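Derivation of every value follows stated rules applied to the coordinates shown; laboratory data play no part. These figures come from a predicted structure and were not determined experimentally. All Cβ positions, glycine included, derive from the backbone under ideal geometry; neighbour counts span all protein chains shown.
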Ligand code: ADP
């Protein structure tokens with residue numbers, strides 16, 4: 001089995017969220033199962049700056065896209081035993097940011113998809129059986145494969161698995177634009193083809209034309225077929241439930257390992273974790289000029305600041321939370337309004353709040369290691385990685401029961417002493433506040449039970465092994481059903 005991952009993000013080359021983490025880990029887990037894996041990404045400026053001198057130039061060609069004839073350079077490097085390919089075009093990818101502007105991104109990733117298909121085989125020296133596609137940035141590929149290759153007898157034995165990491169971002173454009181960007185024959189430009197509700201839709205195209213579709217948790221796979229979570233594609237997905245499956249993400253357990261983490265104040269393991277966390281909390285309190293006292297519960301959020309993440313729920317009751325004997329540290333970037341509200345909060349509640357408006361991996365590690373409680377009041381959450389990362393560091397997640405949060409966080413049950421965190425169901429700030437109060441009561445008044453919760457959380461297995469096997473089974477099922485005589 002040879003699999004080519006096509007993605008807009010991969011740790012450590014380019015990351016804005018969970019997609020980057022997944023592509024930085026799953027290919028390696030598949031490799032351990034004997035799969036021949038490669039990854040292909042756009043060559044963003046940051047990749048050229050940081051890894052350019054390690055890349056080998058393979059070839060170049062001019063890729064045609066409507067009226068355009070654009071240069072596409074193909075580079076390759078080896079990263080920790082995995083071949084990583086890059087598509088180079090400075091005009092499109094030579095920016096500081098991974099995503100630049102909505103309409104421009106449509107053009108950028110349309111080009112990327114066409115350039116990747118053009119590079120498969122001889123130019124790359126890699127002949128995949130499976131294209132593992134990810135999110136809207138790659139949604140056109142199953143259709144492009146059919147329309148421009150299979151229809152002419154090329155790439156006949158190449159199949160597609162399309163993974164939805166976030167259904168919210170679909171890649172929408174106009175009919176004329178898609179006809180041009182994809183050089184698509186007219187019969188594809190209908191509601192049964194690329195169009196959805198009058199707009200060309202990359203995500204919908206991926207769902208319709210891929211051999212199989214996955215989402216990143218079993219609960220999200222069910223939720224997306226409902227109108228609450230379906231983002232307008234619930235009908236499309238529901239009609240294809242036979243090809244939709246939820247496979248839970250894992251995390252990179254080497255990168256997020258408190259016993260070896262070089263970024264935290266002092267490493268700790270499951271034996272010395274209590275002392276270790278105290279030391280880390282004191283370190284963070286010192287660095288952020290918060291009162292230095294390890295007995296104060298530290299509540300954190302590490303998040304993109306977008307409506308999805310439910311920061312508004314936190315803001316509604318932030319003063320009531322901060323009136324309790326706690327410290328709150330928020331790390332995130334995103335929506336300017338939310339950033340402003342968090343800055344204001346730090347200014348008015350400087351005693352026990354810090355709002356760190358930035359994207360910073362190292363701070364993230366330090367904060368997870370120091371904290372007691374991670375708030376994730378998401379409106380929806382395809383999988384969510386932060387709750388799993390936090391648990392590894394003995395920080396208990398307090399989450400809304402949705403998507404992958406529901407699959408990974410099991411609410412503390414004081415009667416049978418089970419659970420690995422706390423949860424609430426309705427998207428309601430008072431419900432969240434009540435659970436925060438409940439959690440703090442356990443923290444202050446039932447310390448042995450709190451410690452047992454932390455121990456159970458730290459013991460959870462969030463490695464990629466099990467999920468990688470499920471992907472491999474799926475690849476094999478796709479090939480089998482398409483080659484059966
Ligand atoms: P999403 O993909 O929706 O952003 P996930 O929970 O799946 O959410 O993944 C978020 C990832 O990004 C985690 O690895 C988290 O630690 C990281 N992250 C989010 N915001 C920041 C930030 N401001 N600084 C550093 N890391 C961040």
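Can you find a residue that is outside any helix (DSSP H, G or I) and under 20 Å from residue 402 (Cα atoms) anywhere in the range 431-444? No, because not a single residue in the range 431-444 is outside any helix (DSSP H, G or I) and under 20 Å from residue 402 (Cα atoms).
For the range 313-333, the condition holds for no residue, the condition being that it is within 13 Å of the ligand (Cβ to nearest atom), crowded, with 24+ Cβ neighbours inside 10 Å and assigned to a helix (DSSP H, G or I).
Counting residues in the range 79-91 that are surrounded by fewer than 17 Cβ atoms within 10 Å (Cβ to Cβ), under 22 Å from the mean Cα position of the chain (by Cα) and more than 16 Å from the ligand (Cβ to nearest atom) gives one or more.
Scanning the range 353-403 for residues that are near the ligand (Cβ under 8 Å from one of its atoms) and assigned to a helix (DSSP H, G or I), we see that the one that is nearest to the chain's Cα centre (by Cα) is 386.
Per this entry, residue 420 is counted among residues that are away from the ligand (no atom under 14 Å from the Cβ) and either buried (at least 24 other Cβ atoms within 10 Å of the Cβ) or in contact (Cβ under 8 Å) with a residue 12 or more places away in the chain (or both).
Contact annotation: residue pairs with Cβ atoms under 7 Å, 6 or more positions apart or on different chains, pairing a residue in the range 342-365 that is touching a residue at least 60 places away in the same chain (Cβ under 8 Å) with a partner that is assigned to a loop (DSSP other than H, G, I, E, B) and surrounded by fewer than 20 Cβ atoms within 10 Å (Cβ to Cβ), are 352/326; 354/288; 362/263; 365/263.
Considering 182, 174, 186, the condition of being within 30 Å of residue 30 (Cβ to Cβ) and away from the ligand (no atom under 16 Å from the Cβ) is satisfied by 182 alone. Restricted to helices (runs of 4 or more DSSP H) entirely inside the range 60-176, those with at least 2 residues that are in contact (Cβ under 8 Å) with a residue 40 or more places away in the chain and within 18 Å of residue 14 (Cβ to Cβ) are 90-93, 102-119. Of all residues in the range 457-471, exactly one satisfies the criterion of being surrounded by fewer than 18 Cβ atoms within 10 Å (Cβ to Cβ) and either in contact with a strand residue (DSSP E or B) (Cβ under 9 Å, 6 or more places away or on another chain) or more than 21 Å from residue 249 (Cα to Cα) (or both), namely 470.
For the range 23-45, the set of residues classified as within 12 Å of the ligand (Cβ to nearest atom) and over 28 Å from residue 483 (Cβ atoms) consists of 24, 25, listed by residue number.
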